[in-house]
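These notes concern the structure reproduced below.
The values are calculated or read from the model by the stated rules, or taken from the named source; none is laboratory data. Being a predicted model, the structure only gives us computed values, none of them experimental. Cβ sites come from the backbone with ideal geometry, for glycine too, and all protein chains shown count toward neighbours.
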Amino acid sequence: YITSTQYNEITGWVSGLEFVGEFLTYTSEMVLSTLENYPTVKWIEHDRIEPLVELEGKGFGLIYKMDLEEVRNIELEVAEKLNDSGIIFHITSLHEELNEEDKKAIKLISEHCRVILGVGITSENVQELIAELGIYGISLTGGKEIKPGLKDFDELADILEALEVDD
């Protein structure tokens with residue numbers, strides 16, 4: 001959580017991006033109330049489907065944050081229905097690598113909805129994962145904190161470089 005003042009300071013110097021508000025446990029009413037103080041947030045990510053469905057048609061892009069374990073158990077009809085509502089699936093996991101079973105589950109769900117992959121991505125496999133799994137996008141985070149407030153972005157830079165297209 002950051003205050004609206006901190007948010008405005010951080011986002012004030014960035015242009016050309018759309019910002020995502022990430023929510024856990026909030027009801028749809030709590031999300032809307034919170035976002036009154038963050039008017040540049042265009043996307044809502046939530047770890048529960050119900051609030052996202054209630055927020056449909058409110059002018060925000062919607063992202064369902066789903067653990068990889070859930071991906072293996074989600075019914076494809078549910079994924080298709082949520083996809084028809086415009087909800088994008090963001091797959092995350094606590095473990096760092098994807099095994100063949102994980103890839104198979106991700107590929108299956110990405111055939112039925114838009115998927116952002118946020119796990120198991122390295123500079124060595126990013127191109128392969130995008131091609132093999134049919135994902136909509138990737139989600140990256142900075143590295144470990146070197147000291148409070150200072151992160152190591154080397155791995156992130158390597159992945160972005162692997163994606164760079166030569167002119």
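Restricting the range 85-123 to residues that are modelled with pLDDT of 90 or more and acidic (Asp, Glu), the residue that is farthest from residue 54 (Cα to Cα) is 100.
Here is the figure for the range 12-33: residues that are among the polar types (S, T, N, Q) and modelled with pLDDT under 95 total 2. Contact map, the range 74-95: first residue closer than 21 Å to residue 43 by Cα, second residue assigned to a loop (DSSP other than H, G, I, E, B) and of a type in the set (Lys, Arg), Cβ cut-off under 6 Å, separation 6 or more or different chains; pairs are 88/114.
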